[in-house]
């Protein structure tokens, strides 16, 4: 499964497990991003806080996924996988939705 270059193809038996790990990593990074921005901005109570927390959750997951794929491409000298980046980003979306749900429950 090693090759140099950029790929969006899905191959091999580890794919399902690999994508689950990417999803989980994206969700954890997203949740951390939301928690950090909420902690830093919690004294500012208005509608923009919820939007900032949700955007931070997704942004951190996207950045983490992109940096991981650049690491794979340039350091490990394997491929940049758009499917891995997508799985990580979807995990970030899940964390963003979780923060969005919490914004209604907590009323921030």
Next on the checklist: For Cα pairs less than 8 Å apart in space and 6+ apart in sequence, what is the mean separation divided by the residue count of the stretch 31-106, i.e. the relative contact order in percent?
Outcome noted: 38 percent
Checklist outcome for this item: Honestly the stretch 31-106 on the Cα gyration tensor test (a ≥ b ≥ c root eigenvalues; a/c under 1.5 rounded, otherwise a/b vs b/c for prolate or oblate) is just prolate
Next on the checklist: How much length would be gained if the chain were fully extended between residue 17 and residue 76, taking 0.36 nm per residue of separation minus their Cα-Cα distance, in nm to one decimal?
Outcome noted: 19.3 nm
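Coordinate-derived values only; no laboratory data. As the structure is a computational prediction, the values presented were derived from the model and not from experiment.
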